[in-house]
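**Q** Before I ask anything, here is the structure I am working with.
The values are calculated or read from the model by the stated rules, or taken from the named source; none is laboratory data. Computed from a predicted structure; not experimentally measured. A quick note on method: Cβ atoms are made from the backbone with ideal geometry, for glycine too, and the neighbour counts reach across all protein chains shown.
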Amino acid sequence: MRLNAALLASALLSPLTVNACSDDQHTHDHSHVHQKRQFPQTQLTKPTRPLEWGDLNIIHTTDTHGWLLGHQHASFPEPNYSGDLGDFASFVHHMKQLAIKDVDLLLVDSGDLHDGTGLSDGFPAGGIDAHDANQFIKQLPYDIMAIGNHELYDYINTWDMYTNFVPALDGKYLSSNVNITVFDANNNTIDVPVGNRFRKFTTRKGRKITSLGVLYDFTGNDVNTTVQSVADMVKEQWFADAIAEEPDLFLLAGHMPVSRDNWPTVFHAVRAVHPETPIIILGGHTHIRDCNQPDGRSMALESGRYMETIGWLSAKLGNPSDVDSKRNISFSRRYLDQNRVTYEYHSQQSNRSFDTTQGQNITQGLLNLAIKYDLSMLFGIAPQDYTISRDPYPSNGSSLTLFINEAAPYSLTLNNTRANISNIMITNSGSQRFDIYSGTFDKNDQISASPFTDAFMFIKDLSLGVAQEVLPALNAAGADERRKRDLGGMLQMREREMWKRGYVDRRYMEWLDDMDRRHDSAVKRASQNLTLGYVTSDSCPGIGDDILHAPLASFDIPDFIGSDVPSLSNDTLIDLVFVDFIQDQLLEILNEVQNTTTYTDVDVASYTDVLSNAVLGLYAQHAWN
């Protein structure tokens, strides 16, 4: 790939400025300002049992995606996750104090700090995604942090991590199979790890730990970044050297799911050298709560997404010198709802004693950052909740229906010379990232619900009869059986490709479906007094959820969604409008459903300057005021 020398040179010559927003900045009056919610803001359920501690204990975060001010809406399950990063920092401090006498407590993150809320994505022109928000994450005492795929979509974000974030971690930020291209002292380009390939350290209680930070086989990275396949990584000499010496524990952190992915490749490579050494795997990426045990002396944990879940893992390792030290290890895991009630219960604090000075400063700094980014800019008042999968599609409660049937047809035709030409609009359902809740709909909600900056393209003069076949074919439905089989195979290939590029929504939705089905009887019968939330079944013994909830409803949603078909004759010529993210797939399908014309990129043009992340805000200004 050709190196963007100008960008590299600019980055090297112009170091990025840290802006952490002092308390006296940005105090202008605003009619709707993000405020730290008073405790208790909503009646939340307390945990019913203490955490199980071991000799070694880990607090785990992953896929935080900018949700550092927590979830701020009143509709459940949002209050379950209403803690902010300042609350979390106070929790970590108190838990460290509980551990200090007898045991080790580590703090580990498995990647994806970028892309998801206004704190990461709402920066003014000239800013860099998550640069300001990450200054607060750096203040937490992480022992290991691993790189995620969202750190790699844009080179400037990777560069910012490499130059401004990684040095502050002092060897604790790991990118075992991820490189960045930079200039060396002689102005030559070289590939170097974004962070460290591994870390060896000794805990406060004297345990020797070897850690890796592995990214799954991701292919959607930007130019001048490199992701080595996991299978090739374990063949490297540095990997053999890193694991040659036996530690007391291997801690394998990384942005890779603990189920249905390549952790076994890394696990077996370590086991081939050290058959009995304890191994802990801390994964991420699929946004689910998951746990399994590869063998009796290991455990693998994945701890959800969006600062909704805080993972807890403990291991009773015993003394390595014991005669019986090769026995199975007693592990425990817990999925904690991210809120102050949870934190105060497990840290043995009251609401009066819980907040630390650091925690309060982090909260205030994030609130100042929200003001700087104008995240409370109000678009309108949403009349109800709209959900991605808890309501069927299509339906009045579906945010997918809202986006493609109401918002897109309005927002994309504003000041558009083709507004009077009938159309069908298509996008991928994964373009909608988060639910919309009743009440204020502001800039932060707009970014959280629909963060991607996809452009809308179109093909003109398609007959309605042909155009209306495209959406069903994209979803492998509505075709004859032979074509359905062919398209089904094509979609499986496309799904694998989208997975490699970072598309995780399908896996998350499958998990929600599975959790809903598993708990459709017993839990729902007892759920009348429970709040909505995650109800988890995994492969590890015991109950993983810290608090019992009524399971979230889950309906199947298609991979692609489209606007209503115009009531016109099939030979009427219309515009077919779609996001550029699906252009290759759509052209392929369009050439499958008709053979009169072979459509290529030449036939595609820009439909509007409005990007997908602006659609809901424009609509809300129009319809929700």
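To keep it simple, each residue is scored yes or no on (1) in the same structural domain as residue 85 (by TED's automatic domain parsing); (2) hydrophobic (A, V, I, L, M, F, W, C); (3) more than 22 Å from residue 223 (Cβ to Cβ); (4) modelled with pLDDT under 95.
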| residue | (1), (2), (3), (4) |
| --- | --- |
| 134 | yes, no, yes, no |
| 148 | yes, no, no, no |
| 157 | yes, no, no, no |
| 161 | yes, yes, no, no |
| 167 | yes, no, yes, no |
| 171 | yes, no, yes, no |
| 177 | yes, no, no, no |
| 180 | yes, yes, no, no |
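**Q** Name the one entry in 274, 346, 268, 287 that is over 30 Å from residue 241 (Cβ atoms) and out of contact with any Gly (no Cβ under 7 Å at 6 or more places or on another chain).
**A** When all the criteria are applied, what remains is 346.
**Q** Now for a separate question. Whether any residue in the range 414-423 is buried (at least 18 other Cβ atoms within 10 Å of the Cβ), among the hydroxyl-bearing types (Ser, Thr, Tyr) and modelled with pLDDT of 95 or more is what I want to check.
**A** No, there is no match, as no residue in the range 414-423 is buried (at least 18 other Cβ atoms within 10 Å of the Cβ), among the hydroxyl-bearing types (Ser, Thr, Tyr) and modelled with pLDDT of 95 or more.
**Q** Right, something else. Among the listed residues 426, 459, 447, which satisfies the condition of being farther than 23 Å from residue 475 by Cα, at pLDDT 95 or above and of a type outside the set (Asp, Glu)?
**A** Only one candidate qualifies: 447.
**Q** Something else about it: Which of the residues spanning the range 128-147 are touching an Asp or Glu at 6+ places or on another chain (Cβ under 9 Å) and not in a loop (DSSP other than H, G, I, E, B)?
**A** Residues satisfying the conditions are 131, 134, 137, 144, 145, 146.
**Q** Determine, yes or no, whether residue 618 is within 26 Å of residue 433 (Cα to Cα), assigned by TED's automatic domain parsing to the domain that holds residue 446 and either of a type in the set (A, V, I, L, M) or surrounded by 16 or more Cβ atoms within 10 Å (Cβ to Cβ) (or both).
**A** yes
**Q** Okay, moving on. Looking at (1) aromatic (Phe, Trp, Tyr); (2) touching a strand residue (DSSP E or B) at 6+ places or on another chain (Cβ under 8 Å); (3) over 21 Å from residue 585 (Cβ atoms), can you tell me which one residue 393 breaks?
**A** (3)
**Q** Now for a different question. Quick check: anything in the range 551-563 of a type outside the set (A, V, I, L, M, F, W, C), in contact with a Gly (Cβ under 6 Å, 6 or more places away or on another chain), over 30 Å from residue 378 (Cα atoms) and part of a loop (DSSP other than H, G, I, E, B)?
**A** no
**Q** Follow-up. Can you tell me how many residues in the range 90-118 are part of a helix (DSSP H, G or I) and surrounded by fewer than 24 Cβ atoms within 10 Å (Cβ to Cβ)?
**A** Adding up the residues that qualify gives 8.
**Q** Condition test on residue 246, is it at pLDDT 95 or above, more than 30 Å from residue 510 (Cβ to Cβ), in contact with a His (Cβ under 7 Å, 6 or more places away or on another chain) and in the same structural domain as residue 107 (by TED's automatic domain parsing)?
**A** Answer is yes for this residue.
**Q** Further, regarding this structure: Taking the condition polar (S, T, N, Q), at pLDDT 95 or above and assigned to a loop (DSSP other than H, G, I, E, B), does residue 396 pass?
**A** yes
**Q** If you don't mind, there's one more thing I want to ask. Among the listed residues 571, 514, 575, identify the single one that is of a type in the set (Asp, Glu), in contact with a Lys or Arg (Cβ under 9 Å, 6 or more places away or on another chain) and either farther than 30 Å from residue 152 by Cα or outside any loop (DSSP other than H, G, I, E, B) (or both).
**A** On inspection, the qualifying residue turns out to be 575.
**Q** Which members of the range 556-571 meet the condition of being more than 39 Å from the chain's Cα centre (by Cα) and aromatic (Phe, Trp, Tyr)?
**A** none
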